[in-house]
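Chemist: Quick one: this structure, given as structure tokens, is what I'll be asking you about.
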Amino acid sequence: MDLKKAVVAVRPFSFSASILPVMAGNLYAVYKDYEFTPSLFLLSTVGVLLMHIGTNLTNDYYDYKNGVDTGETYGSSGLLVRGEISSKSVFTGIIVSFTLAILIGLRIVIMTDRTVLWFGITGVAGGLFYTAPPFNYKYHGMGVPLVFLLMGPLMVMGGYYVQARHFTFDVFLFSLSFGIFTALIMLANEIRDIEHDISKGIRSIPLFFGKKISKIIYILMGCLAYVVVVAQTIDGSLPVVSLLTLLTLPLFIKNSVKLVSARISKDIITLDKESAAVQMVFSSLLIIALLIGVMLW
């Protein structure tokens, strides 16, 4: 596999969904006056990135093997379907990515304690069995809730723990917005792909609740993310500059209007990437706010 195809295969546009939450967790610990260990920050960020790469490759591999990906499918890299890379190359990439992630995780455990081990096990299992048997939970309506948990509480609280060595309710609340905006990417996919998923026997939230209710869920979840940040700013858990995240509200509203007004799947063909853009900007602004808070308070 050449480098260009490798980059397409791992889908780097999605990396903000994993890197930013774990970075935010690390920085939130520093904002709460815990000593910052740069090596743990770097290791946890790289480890999570490798798990994300492994997850993306696993998704492509098993969606292709199970006949879920076709020439008309949105969202995947499309390389396997078009015959541009071999399934063996992708499978090798899965093994390498998760193996390196595990090795980095073990190094973090040595530097901290065994609690981190459970974060790593959960992350690897969640990423691997997203589409891999025997669980392949993406196909059973569990994609959105588990993406929320893995990309929100797990990564943010894991990043926080490697620096602070304990948990607080504040960091759990802090993690919710990250999980919500990442889950919205998945939900946008599922709303767009409902007809395709039905034809492939894949269960999803839109299939359970219907398109109209799923669109309402999308809007309510996004609103909740903003409410959490505002509430934590008011109670002092976050610096006042965290309200910078409200600058993303017009983008979220634009996506919501597009979703509500959509009549066919092609109307929201890029909504997953547009939802990812909101997630990236929102998360980046919250990280910037933490950095400002660390420097000024």
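No lab work stands behind these numbers, since they all come straight from the coordinates. The structure displayed is predicted, hence computed values, not measured ones. Because the Cβ atoms are built from the backbone with ideal geometry, glycine has one as well, and the counts that use them run over all protein chains shown.
Chemist: Specify which residue in the list Gly179, Ile234, Leu43 is farthest towards the positive end of the charge dipole of the stretch 3-296, using unit charges on the beta carbon of Lys, Arg (+1) and Asp, Glu (-1), about the Cα centre.
Modeler: The residue sitting most towards the positive pole is Gly179.
Chemist: Let me ask something additional. Would you indicate which of [x] 1, 5, 9, 11, 13, 12, 12, 11, 9, 6, 4, 3, 2, 1, 1, 0, 0, 0; [y] 1, 6, 12, 16, 17, 17, 14, 10, 5, 2, 0, 0; [z] 1, 5, 12, 17, 20, 19, 15, 9, 2, 0 is the value of P(r) over Cα pairs in 5 Å bins from 0, in percent derived from the coordinates of this structure?
Modeler: [y]
Chemist: Over the stretch 160-297, what is the relative contact order in whole percent, taking alpha-carbon pairs under 8 Å and six or more residues apart?
Modeler: This gives 30 percent for the stretch 160-297.
Chemist: If you place +1 on the Cβ of every Lys and Arg, -1 on the Cβ of every Asp and Glu, and leave all else neutral, what size is the dipole of the chain about its Cα centre, to the nearest 20 Debye?
Modeler: 440
Chemist: Separation of the stretch 245-274 and the stretch 127-192 by C-alpha centroid, Å?
Modeler: 21
Chemist: Among 218-225, 167-174, 182-189, what's the highest-first ranking by average C-beta atoms within 10 angstrom per residue?
Modeler: Top to bottom by mean Cβ count within 10 Å: 182-189, 218-225, 167-174.
Chemist: For Thr92 and Ala125, calculate 0.36 nm times their separation in residues minus their Cα-Cα distance, and state this gained length in nm to one decimal.
Modeler: 10.1 nm
Chemist: Report P(r) for the stretch 1-133: all Cα-Cα distances, bin width 5 Å, range 0 to the bin holding the largest distance, values in whole percent.
Modeler: Here the calculated profile for the stretch 1-133 is 2, 10, 19, 21, 17, 12, 9, 6, 3, 1, 0.
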